[in-house]
Amino acid sequence: MSFITSPAFAEKGYVILDSYDQVGDPKEWLDLEFVDWKSSGVTRFAPLASAFGEMECNGFWNHTPPRTDKDGVWVQANVDVAPILKARAEEPGANIGRCRVIELQPNDYTNAIYNLHQDDNNRLNPEGTGWIVRGFFNLSDDPSSVLILREDRFNPDTEVRIPLPAGAQVIVDTQRFWHAVWQVGPEPRYCLITSWESGPELDAYIEKYHGASNNVNPPLDAHVIEDAQAEVRRRLAERSATLASQGKKLADPVDPEA
Ligand SMILES: [Fe+2]
């Protein structure tokens with residue numbers, strides 16, 4: 001027994017869809033209610049679908065009874081002001097788990113690399129059902145910013161950097177990749193993030209919008225990458241030493257977006 005997955009993800013683990021005409025839409029995300037929720041970097045989240053329709057962002061597996069990242073319940077106060085965002089999340093017709101808008105304050109490449117993490121989307125997900133992947137629809141216009149994916153957390157040769165202009169639409173197996181966003185700024189980034197269940201509905205949606213995995217990384221100076229690698233190693237060693245002095249061990253960062 002194994003999970004139902006999309007063939008579109010088999011090789012690269014991500015797909016980029018046709019760009020969406022974002023400027024044609026009202027900026028619904030500015031009217032949403034955000035809650036403080038620490039993720040990778042300085043963030044807040046506006047939940048559109050949560051475990052029980054409450055204005056909160058916790059992973060569904062952290063509720064009682066715990067369950068996997070499916071069957072999200074719409075948060076009425078937020079979907080009332082963001083009908084277009086709700087409709088975009090619903091368009092594939094796939095089961096939706098967590099659905100929220102993230103607000104990320106500007107950071108730098110080093111901090112983004114330090115914040116790389118894998119999501120925990122498939123905790124408690126029963127085999128034989130669809131693997132959870134996540135859609136990232138960029139709402140603000142951040143053409144110099146990138147979604148960073150790494151197959152290997154500490155190997156920059158595995159790095160994919162996907163630019164984030166308004167309307168960028170990417171679906172990622174975020175449990176497979178180490179990922180984080182480098183938000184250049186100066187304004188915060190807003191992005192609709194939706195957990196979808198893989199299956200024929202999502203496959204058809206990816207095909208309709210010409211999902212492709214042929215991203216070409218925007219250039220980045222090798223020294224910037226080397227410096228970031230060294231600084232991240234230094235910070236992790238420092239944290240590890242601090243924890244060791246308290247008799248604790250440094251754990252891998254898993255799904256800070258839970
Ligand atoms: Fe994540």
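The values are calculated or read from the model by the stated rules, or taken from the named source; none is laboratory data. If you're wondering where the values come from, they're calculated on a predicted model, not measured in any experiment. For neighbour counting, all protein chains shown are included, and Cβ atoms are generated from backbone atoms with ideal geometry for every residue, glycine included. Keep in mind that these areas ignore ligands, DNA and RNA; they rest on the heavy atoms of the full protein, side chains included. Shrake-Rupley method; radii C 1.70, N 1.55, O 1.52, S 1.80 Å.
Listing for the model above:
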{"read-out": "Beta bridges by DSSP in the chain, antiparallel share as percent, to the nearest 5", "value": "95"}
{"read-out": "Compactness relative to 2.2 N^0.38 Å, alpha carbon Rg of the chain", "value": "0.98"}
{"read-out": "Candidates ARG67, ARG233, ARG134: whichever shows maximal mean-square fluctuation once the chain is modelled as a Gaussian network with Cα springs under 10 Å", "value": "ARG233"}
{"read-out": "Span-rule helices in the chain, defined as complete DSSP H runs reaching 18 Å or more along the axis (Cα) with Kyte mean at least -1.0", "value": "222-245"}
{"read-out": "For peptides 112-123, 72-83, sequence by mean Cβ density within 10 Å, most packed first", "value": "112-123, 72-83"}
{"read-out": "Apportionment of accessible area to carbon and sulfur, region 126-210, percent (1.4 Å)", "value": "54"}
{"read-out": "Per residue value of the accessible surface for region 123-243 (all protein chains in place, 1.4 Å probe), Å²", "value": "43"}
{"read-out": "Under-5 Å amide H pairs with ILE96, H placed in peptide plane, nonlocal only", "value": "ASP71, GLY72"}
{"read-out": "Top of ARG235, ARG44, ARG150 by mean-square fluctuation, Gaussian network on the chain, Cα under 10 Å", "value": "ARG235"}
{"read-out": "Length gained when the stretch ALA204-ASP152 is fully extended (0.36 nm per residue, less Cα-Cα span)", "value": "15.8 nm"}
{"read-out": "Added length on full extension, which subtracts the Cα-Cα distance from 0.36 nm per residue, SER213 to VAL73", "value": "47.3 nm"}
{"read-out": "Computed [θ] at 222 nm, deg cm²/dmol, the chain (DSSP H ≥ 4; -39,500 (n - 2.57); rounded to nearest 500)", "value": "-6000 deg cm²/dmol"}
{"read-out": "Nonlocal amide H pairs with ASP142, under 5 Å, H built at 1.01 Å", "value": "ALA166"}
{"read-out": "Protection-proxy order for peptides 87-98, 15-26, 173-184, each taking the mean of Cβ atoms within 10 Å per residue, highest first", "value": "173-184, 87-98, 15-26"}
{"read-out": "Relative contact order, percent, the chain [alpha-carbon distance under 8 Å, six or more residues apart]", "value": "28"}
